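Here is the structure we will look at.
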Amino acid sequence: MKILVPVKRVVDYNVKVRVKADGTGVDIANVKMSMNPFDEIAVEEAVRLKEAGIATEVVVVSAGVAGCQETLRTAMAIGADRGILVETDVDLQPLAVAKLIKAVADKEQPQLVIFGKQAIDDDSNQTGQMFAALQGWPQATFASKVVIADGKASVTREVDGGLETLALNLPAVVTTDLRLNEPRYATLPNIMKAKKKPLDTVKPEDLGVDVAPRLKTLKVAEPAKRQAGVKVADVADLVSKLKNEAKVI
Amino acid sequence: MTILVIAEHDNQSLKAATKNAVAAAAKIGGEIHVLVAGAGCAGVATEAAKLAGVAKVKLADAAHYADQSAENVAALVVANAAGYSHIVAPATTAGKNFSPRVAALLDVAQISEIVAVESADTFVRPIYAGNALATVQSTDAVKVITVRTTAFEAVAEGGSAAVENLAAGPDLGNSKLLSRELTKSERPELTAAKIIVSGGRGMGNGENYHKLLEPLADKLGAALGASRAAVDAGFVPNDYQVGQTGKIVAPELYIAVGISGAIQHLAGMKDSKVIVAINKDPEAPIFQVADYALVADLFEVIPQFTAAVA
C-alpha cells in the first residue's frame, strides 16, 4: 500500500508573527520556517505504518516556493521514501492545493492520503476534506488513532463531545490531530540519507491545474490588545473584585 | 440573496452553535433557510423553525444521515445548493468536517471561522492562532462559510418558519460509524458556558484536577476546560481542550488555574470577557491577558476560592 502525505512549509510555531505596518499581511521575511506540526504528525504516522509492514512506500508532496524542498527533505529524514514538489510562487489557497494533490494522487495512486488537520499559518482546516471530496473518497478528520486492516481504515476521531471511531473503505483520507503520535527527531545519519532520496519537481501547469486564488486579502490587522490587568493580594480580594467590580459571580 | 444554514444537532435537539450560525447569516442579510439532515429529527426541525429570522426549514430525514457523515451530508447540501448565495455552518468539529467538502464540490473557496461580516462578500477571520485578523473578499458565486460561534451572539426564538421535507440523497456508504464515546457531564457545554474553570499542567495529575477544580466549577455553575498540556498528560479527555486547535471559548468569566499561557492556549480563550489567572510563576504569559492575576500556589488557594464562593 502506498501512502501519500502532503506537507506545508509554514512559519515555525515558536515564532510570534508581526503584522506588517501597511496592513498587507504578516512579516515573514527572515523568520524561521518549518514543517507544519500537524503534517509532521502525518509523516510520522505514515512512516510507522511502513515500519509495521502495512505500507510499502511513503511519498511526500509539497506545493509552494522552492524553499519547500527543505520541508520535503525533513519529511524524508523522518522516513519518507521520496518527495514531489509542485513549485509555484503563486499564493496557494486550500482549494488550489487540494486540486494539485489530486493531480499528483491520480498519477501515484495511493491507498491512503494523510494530511495535517490544519496549517498553523492560515488556520483554514480545509485541504484534506476538499481533496477527499474531489476524489469522492471517504475521510476521517481529527484522527487520534489509525488502524489499517482488511482493506479498511478504522480511525478514532477527536470530536466536540469526545471520541468517535469510523471504518473507512480504502482509498481514504485521514487528517491528523495532536494526539495521534509524537513525531521522532530526525537523526543526523537520516538527515544525510534524506539528501540522497529522489525529489521530483513539477509545475502546476504540468498538472493542468488552475491555482488562481479565489479569496482576496484586503487587509491584515492586529487584534485588539487586552488591557493589562491588576494583581490581587489574595482569594478574598479576588472574590470581592469578581463580585463588585467585574460583577461576574 | 438566500442563505442556507446547516443545522447542528444530535437528532434529539438543536445544538446552540446553530443559533450563532443563524446570527452570522442575519448579519450577511437576505432570506435565511435552515437545513436539518438527520434521522428521526423532526423535533429538531421544529426547534429550528422557531429561531428568529429563519424563513424556511428544510428537513432531510433518512437513516444514513443519523451519524452526520461528512460524505453524505456534503452530498446532500450540494444537491440542494442551487439558488443559495451563501452556505453557512458553525465552525464546530462537525461543521469543519463536511463544509470544505461542500466548497470543493461546488468548486469554490471556503472562508473558515469568520468572526465578523463586513459585507455580503467580505469577511474577517483570524489567522496565525488569532495573532492577526485578515479581511478577505470572496470572488466566488457561492460563499461557503464556517462561523466562529463565540463571535456572533445567538439568535433568540420568535420565528415560525414552515418546515419543508426534502428528498434524501443516496447513501454513499464508504464510511461507517463504529462507536462513539461521548463524555457525559452534568455541567454546561464548554462552548456555551458563562463561566469556565480551566486547569493546566500545574495541576500535577488528573486526580488533583478533579479534586480541586470540580468543586469550584460546581459552585460557580461552570464548565471545565483544560490546556493542551493537561490533555496530553492524560489529566482529562480531549474534548476539554481549549486553544487554537481545540475549542474556542469566550465566556463571561474564564479562570485559568496552573496554566502558563502558551500562544496556542491564549488563541482559544483571550476573547473571554473577564480572565482570572492563578499561577505561582509571576512570569507566566497568562498574566499578560489576565484581568485579575493571583500569584499563588493553586493547591492552597483553590480550596479557599471554593469556600469563598457562596
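A few remarks follow.
- Above 16 Å, the calculated P(r) of region A:1-97 contains 59 percent of its Cα-Cα pairs.
- Packing-based exposure ordering (other Cβ within 10 Å, fewest first) of A:188, B:253: A:188, B:253
- For region B:245-310 and region A:194-249, distance of Cα centres in Å: 19
- Centroid-to-centroid separation of region B:119-168 and region A:115-187 [C-alpha atoms, Å]: 25
- Rounded, prolate or oblate (a/c below 1.5 giving rounded, otherwise prolate when a/b exceeds b/c) for region B:110-152 by Cα gyration tensor: prolate
- With helices as the sole contributors, chain B gives -6500 deg cm²/dmol at 222 nm; each DSSP H run of n ≥ 4 counts as -39500 (n - 2.57), and the sum is divided by every residue.
- When the P(r) of region A:172-240 is calculated, the portion above 17 Å amounts to 81% of the C-alpha pairs.
- With Cα atoms as the point set, the radius of gyration and Dmax of the protein assembly as shown evaluate to 23.3, 69 Å.
- Residue among B:100, B:173, B:197 farthest towards the positive dipole end of region B:86-207, charges placed on Cβ: B:197
- Across peptide B:282-292, the average count of Cβ atoms from other chains found within 10 Å of a residue's Cβ is 4.
- Helical contribution to [θ] at 222 nm, DSSP H n ≥ 4, -39,500 (n - 2.57), averaged over chain A, rounded to 500: -8500 deg cm²/dmol
- Choice from B:150, B:18, B:122 with maximal GNM fluctuation in chain B (Cα, 10 Å cutoff): B:122
- Reciprocal of mean inverse Cα separation for chain A (Kirkwood radius, Å): 19.8
- Using a cutoff of 8 angstrom between alpha carbon atoms and counting only pairs six or more residues apart, the relative contact order for region B:1-74 works out to 31 percent.
- Dimensions of region B:63-219 along the principal axes, based on C-alpha atoms and rounded to the nearest Å, stand at 54, 40, 35, largest first.
- Distance distribution note for region B:179-292: the fraction of Cα pairs above 23 angstrom is 17%.
- Estimated FRET transfer efficiency (residue A:70, residue B:63; beta-carbon r; R0 45 Å; 0.05): 0.35
- Reach of residue B:143 by Cα under 16 Å, taken over lysines that are not fewer than 8 positions away in the same chain: A:216, B:27, B:96
- Neighbour-count order for B:123, B:235, fewest beta carbons within 10 angstrom listed first: B:235, B:123
- Cα gyration tensor shape of region A:70-185, rounded if a/c is under 1.5, else prolate or oblate by comparing a/b with b/c: rounded
- Helix A:37-51 axis versus longest C-alpha principal axis of chain A: approximately 40°, rounded to the nearest ten.
- Choice from A:45, A:164, A:57 with maximal GNM fluctuation in chain A (Cα, 10 Å cutoff): A:164
Each value in this text was obtained by applying a stated rule to the coordinates, not by laboratory testing. From a predicted model like this one, the values you see are computed outputs, not experimental measurements. When we count neighbours, we look across all protein chains shown, and the Cβ atoms used for this are built from the backbone with ideal geometry, even at glycine.
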